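What follows is a short report on a single structure.
The values are calculated or read from the model by the stated rules, or taken from the named source; none is laboratory data. Since the structure is predicted, the reported quantities are computational estimates derived from the model, not experimental observations. Cβ coordinates were reconstructed from backbone atoms using ideal geometry, including for glycine residues, and neighbour counts include every protein chain displayed. Ligands, DNA and RNA are stripped out before the accessible areas are found, and what is left, the full protein with its side chains, is counted by its heavy atoms. Shrake-Rupley method; radii C 1.70, N 1.55, O 1.52, S 1.80 Å.
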Amino acid sequence: MSSEPQRPGSREVLDYTEEYGYHSDQQSLRLRRGPSRVSNQNPPQFDWSSPHKEEDEESSSGPSRDLRATPLPMALKRAIRQVQQMQVPVVSSRDSWKRKKAKSLRKLKDCGMGFLSFFSLWNKTLQKIGGNFGGGVQSYFLFLRFLVVLNFVSFLLIAGFVLVPSIVFRSVGAALVNSTGEGACMVYDPNPGGLVVFYNYFLDLLSGTGFMEYSYLFYGYYNNTMVEDKNFSYNIPLAYLFTAVFYFVFCFICIIARMGTAARVVVATGSSTVGDYSMIVFTSWDYGCLGDRATKLKQKNIHYQLQVDLEEDSIKKRAAALTLSQKIVLYSLRVSMCLVSFGLIIAAFYGIFAATEFSQVKSGQGGILGLFFEYLPSIVITAGNFVVPLLCDQIALIERYSPSTTVIVALLRSVFLRLVSLGVLLFTLWRQITCEGAANTGECKLCQYNHALYPCWETRVGQEMYKLTLFDFLINIAVLVLVEFPRRMVVDNWSNKLAQWVGRQEFVVPANVLGLVYGQTVVWTGTLFCPLLPLINTLKFILLFYFMKITLFHNCRPALKTFRSTTSTFFFLVVLLFGLGLGTVVMIYSLSEIRPSMSCGPFRFFPSMWSIVPTSFNNLSIVTQEFLFFIGSQSFSIPLFALSCVVMCYFVALASVYGKSVALLRAQIKLEGRDKQFLVKQIEMLSGRQQILKQTAGASS
């Protein structure tokens, strides 16, 4: 009895089904026939209901197989799919309903993910950037997109609870809460009288003064409106305070969630040096790279990573072989260079302090000179952030650290400079607001703050943050137009050795990301005093995205010396968290310590901004007060603390178990690597013996 001829590829399909255990009692009639003429063995049996059996038996002991995840050629997968679609399973109605439901949910999930990806911001652009420049440069633009979304959602939060109610209540003429105060402390008139020269509007737009000072952009324009009705009540000061607090909590949650994702990647890749070379060789290739230029650049990056690891190993070996006198000389050099770098940073801080004091004294002048004095702190801060990190980078090279340690030390000094420079600026402003540095401290006795120089000090702080944000954006545009474009034109059109040695501008990811962190820290610092600053920063980052995209594709080349992507993402989020901490300290100090301005703002008649909370609490009903007292009492906080400790211990134990599993897997990989090395040595020995035997046999013959 002859068997039917098999179609091309059917033998491969049957081998695949036999290998992965697709056996069943219900078999094809064609496969039940006698032995084939081609082979003396019975052909492997195929299970027609194998895919459904796989879905129904997910909880079985055998590992689940997915056709799409199986390493097979595409033609073979299509053949297997056609065979699976020819099946006519005999199942119950319940199983059939389960399958249809799972299939429908899977299709609905795929459609939803496709719909969301269609509306994802700059999705195609990011894919193009990753394909041409790799994942390292793409991470910068992903981080920029995260900040754009974060600022826009924050603006919606502020607009929904503060901006829109203020506009509505002002339009309907809602009543203000009046109180008594000193007449001299109530004077505040930011609008200039008489005719205004046209170009002054442009100067006001750049400095935040004039027509922009008394607008919804700054703190001083918001009133202390309290609307009370039988069915509705709204308190603008309380909403202003709680929105600011919740804004910081929301940003903190978003950063922690993103840090958790980055931390999982860091834990999965591992921080030990065991197997680093194998990971670089087998897992560092970026399959999104397209074209010869991108692939060659990625090869150079992998070559540099291997070179860095080898250099670090050699540096560690040389450091271990140093004598005592050589170690003393090396550590003395590092300490002296560290003192020099900190001296430069302290000099920059003093320059910011002096420039801020001089700017506040000369701020009353008009015209271009007055605009220069207004922007003098921003100019000094930007110049310090540009010059000092360059010098610190050269100092870090002299200190003779390993390459990765050199990059981290230089970045930490740059982060310290950028964040603390904002702290120095705010310290100088608060010092003048509270009359601590004034010669005549009697100016603050009447109003409890320097009303003569700062009639609305919250608006003045908001103006400084507004100018820092605007000036940072203008500097980025100026560098793009006046530096990077001319440099690219000179390099491309001038065949001089000097021009070719300079080359195009490198797109350095860590420095650009730190610029984003600095800009976002400025926004967090000034949001309490300039509520629309998140909207301004959203527009700034959107424009910056397109400008950086243009300069990336036309002016820049990716840096050959890349920062490790597994640790850089987590490091940048940690720096961003430090910036959020600085903004939180500024908010807490402003809410609790400094007397609010009596002539502007929603807290004009309170001794501190936080005083609105106990005042509003006393106006609540008795039941609500008792409930809030119960939440703050020990009978609620102690069980909550105990429950939190139990949950935390559970997660700590779970993390410990996962850590042990990861350590065991790493040890197993290490042992397997040693076994392979042993087998390779044995093969080399056997091949050598065979060659010797062949040589002896040839000589004897």
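Rounded to the nearest 0.05, the FRET efficiency derived from the C-beta distance between Ala320 and Lys300 at R0 = 35 Å is 0.70. If the segment from Leu412 to Ile477 were pulled out straight at 0.36 nm per residue, it would be longer than the present Cα-Cα gap by 20.8 nm. Taking 10 °C and 1.306 mPa s as conditions, region 369-515 diffuses translationally at an estimated 85 µm²/s according to Stokes-Einstein applied to its Kirkwood radius (Cα pairs).
Counted residue by residue at 0.36 nm each, then reduced by the alpha carbon distance between them, the extension gain from Phe427 to Leu67 reaches 123.3 nm.
Take the Cβ atoms of Thr283 and Leu156, set R0 to 56 Å, and the FRET efficiency comes out at 0.90. Applying the criteria of a DSSP loop state and at most 15 other Cβ atoms within 10 Å to the GluC sites (Glu not before Pro) of region 431-529 yields Glu436. When the Cα gyration tensor is reduced to axis lengths a ≥ b ≥ c, the ratio a/c is 1.5 or higher for region 312-353, and with a/b not above b/c it is classed as oblate.
Computed over region 200-256, the quotient of the alpha carbon radius of gyration and 2.2 N^0.38 Å is 1.60.
In summary, the lysines within cross-link reach of Lys98, defined as a Cα separation below 23 angstrom excluding same-chain residues under 8 places away, comprise Lys53, Lys107, Lys109. Once the Cβ-Cβ distance of Ile683 and Met74 is raised to the sixth power relative to R0 = 41 Å, the FRET efficiency obtained is 0.75. Over what distance in Å are the Cα centres of region 676-701 and region 147-174 separated? Taking the Cα centre of region 147-174 as reference, the centre of region 676-701 is 81 Å away. With both labels modelled 7 Å from their Cα along Cα-to-Cβ, the Met648 to Lys445 distance reads 5.0 nm. When peptides 474-483, 352-361 are sorted by average Cβ neighbour count within 10 Å, with the highest value leading, the order is 352-361, 474-483. Taking the accessible area of region 374-494, probe 1.4 Å, and keeping the other protein chains in place, the carbon and sulfur fraction comes to 67%. Which length gain, in nm to one decimal place, applies between Ser635 and Ile588 when the Cα-Cα distance is subtracted from 0.36 nm times their residue separation? Answer, rounded to one decimal: 14.1 nm.
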